[in-house]
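Undergrad: My questions will all concern the structure given below.
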Amino acid sequence: MTLLRAAARTMLASYFVASGVKALRDPAALVPAAEPVADKIVPLVKQYAPDQVSSFIPTDTATLVRVDGALQIVGGLALATGKGRRLGSWLLATSLIPNTIAKHPFWSKTDPEEKAADRSAFLKNISLLGGVLIATGDTEGKPSLAWRAQKGGHQIAKKTSKASNELAKKAEQLTGGGNSFADEALAGGAALLTTVVASSRKARKEATKQFHRAQEIAAEQAKEAQKATQKAAKQAKKDAPKQLKAAKKLATERAIEARAYAAEKAKEAQKIAAAQAKEAKKQGAKIRKNIERGEN
């Protein structure tokens with residue numbers, strides 16, 4: 001931003017900042033002039049604005065004056081500092097129109113002096129409106145988007161024309177000056193270049209479309225995976241008491257089987273011990289008998 005631009009913007013913004021500060025400090029002084037305009041504009045805005053927006057629009061004239069003053073301060077500071085200058089200029093232009101109509105309605109005055117004073121102030125505000133409208137389009141010497149788009153179109157047309165001329169010259173050299181073949185080559189070259197440009201645009205558009213579609217599919221899959229995880233966790237929590245009960249039942253059955261097996265083995269051991277004791281008793285009786293006979 002040049003020094004001249006900085007000074008001009010600051011001078012232009014000074015009026016709006018001072019007016020905004022005055023509106024915030026003493027809105028009551030501006031209410032009588034603003035009330036007739038507010039009574040006409042606010043109902044129309046509420047009627048056509050979306051419900052989400054209309055519910056936030058104040059109906060109190062003093063509040064509207066304060067809001068307008070805040071817009072003037074914000075827009076003036078943005079214009080003076082150069083940060084958000086174009087948006088700030090639009091805010092100032094939007095604020096200036098109802099202010100001018102409310103404060104200086106010279107057409108409704110009957111006194112010649114008052115009418116002349118209001119007309120002069122009205123024209124002054126119109127001049128300020130012209131200044132902020134110029135500021136909305138100021139790019140600080142940089143090419144605007146419209147200019148760059150137009151230049152890009154001219155460059156494409158120039159390159160297309162150059163390529164077509166080269167094709168025509170080559171065709172003329174090959175045919176020895178045959179105009180029919182050269183014209184066909186020229187038309188074919190132009191059509192080819194046009195197709196290439198259109199195809200590249202179509203490819204970029206299709207790639208962007210596929211990228212957005214991939215994002216949507218990924219989001220849907222993530223949502224489905226989250227639902228499946230929550231469902232599995234819920235089912236696991238629901239099945240946990242059943243699984244615990246089944247585990248306890250199985251443990252009880254295994255304990256009963258173990259006790260039965262132990263009892264069976266103890267019974268078998270008792271039988272073996274009784275048989276061995278019987279056999280030992282039998283052998284002892286036989287030995288005693290042999291001793292009595294004198295055989296041992």
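Every number in this text was worked out from the coordinates using simple rules, so none of it is lab data. These numbers were taken from a predicted model, which means no experiment stands behind them. Glycine also receives a Cβ, built like all others from the backbone with ideal geometry; neighbour counts cover every protein chain displayed.
Undergrad: Mind listing the phi-derived Karplus ³J(HN,Hα) values for region 244-255, rounded to whole Hz, using 6.51, -1.76 and 1.60 with θ = phi - 60°, and x for any glycine or proline?
TA: Couplings: 5, 5, 5, 5, 5, 4, 5, 5, 5, 4, 5, 5 Hz.
Undergrad: Quick one: grab the alpha carbon gyration tensor of region 1-135, order the square roots of its eigenvalues as a ≥ b ≥ c, and give me rounded if a/c is under 1.5, else prolate or oblate depending on whether a/b is larger than b/c.
TA: oblate
Undergrad: If r is the Cβ-Cβ distance from Ile57 to Ile126 and R0 is 25 Å, what FRET efficiency results, to the nearest 0.05?
TA: Computed FRET efficiency for Ile57 and Ile126: 0.40.
Undergrad: Next question. Can you give me the distance in nm between label points at Gln221 and Lys46, each placed 7 Å from the Cα along the Cα-to-Cβ direction?
TA: 5.1 nm
Undergrad: Evaluate the distance, in nm, between pseudo-label points positioned 7 Å from the Cα of Gln243 and of Thr208 along their respective Cα→Cβ axes.
TA: 5.1 nm
Undergrad: As a quick test, which of the pairs Lys245/Lys267; Lys22/Lys124; Lys265/Lys286; Lys103/Lys124; Lys249/Lys271 have an alpha carbon distance above 22 angstrom in this structure?
TA: Violating the 22 Å Cα-Cα cut-off are Lys245/Lys267; Lys265/Lys286; Lys249/Lys271.
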